[in-house]
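Asker: This is the structure I have questions about; it appears just below.
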């Protein structure tokens with residue numbers, strides 16, 4: 001009986017099917033945690049765009065690069081409007097990461 005309990009315990013403790021890994025979250029603060037849907041419905045998109053400016057500035061300082069030098073804030077706003085309308089449940093921070101990757105090409 002004890003062996004049966006040990007086997008059951010081991011089977012329960014170590015699942016046969018692989019677990020899905022949690023999505024990487026780099027610890028984004030502020031409106032970067034808000035969804036793209038929240039960005040789209042916001043009456044103050046400038047708050048989000050200001051957060052994006054700080055995000056890009058931080059990346060530029062940390063990587064010693066000039067991300068965003070090939071566009072302006074209005075261009076970023078148009079990009080966010082399109083991206084967020086296509087991906088309303090993504091976070092604004094993940095949208096910012098996608099845009100900065102695009103701007104580095």
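Every number here is computed from the coordinates shown, using simple stated rules; none is lab data. Keep in mind that what you see is a predicted model, and the values were worked out from it rather than measured. Cβ: placed from backbone, ideal geometry, glycine included. Neighbour counts: every protein chain shown.
Asker: What order do you get for 52, 92 when you list them from fewest to most C-beta neighbours inside 10 Å?
Answerer: 52, 92
Asker: Taking all pairs of distinct Cα atoms, average 1/r, flip it, and tell me the Kirkwood hydrodynamic radius of region 34-105 in Å to one decimal place.
Answerer: Hydrodynamic radius (Kirkwood, Cα pairs) of region 34-105 is 12.2 Å.
Asker: Cα centroids of region 30-61 and region 80-97: how far apart, whole angstrom?
Answerer: Comparing the Cα centres of region 30-61 and region 80-97, I get a distance of 10 Å.
Asker: Here is a follow-up. Could the peptides 55-67, 27-39 be put in order, highest first, of the mean number of other beta-carbon atoms found within 10 Å of their residues?
Answerer: My ranking of the peptides, most packed first, is 27-39, 55-67.
Asker: If each of residue 66 and residue 42 carries a label point 7 Å out from its Cα toward its Cβ, how far apart are those two points in nm?
Answerer: Here the modelled spin labels are 2.8 nm apart.
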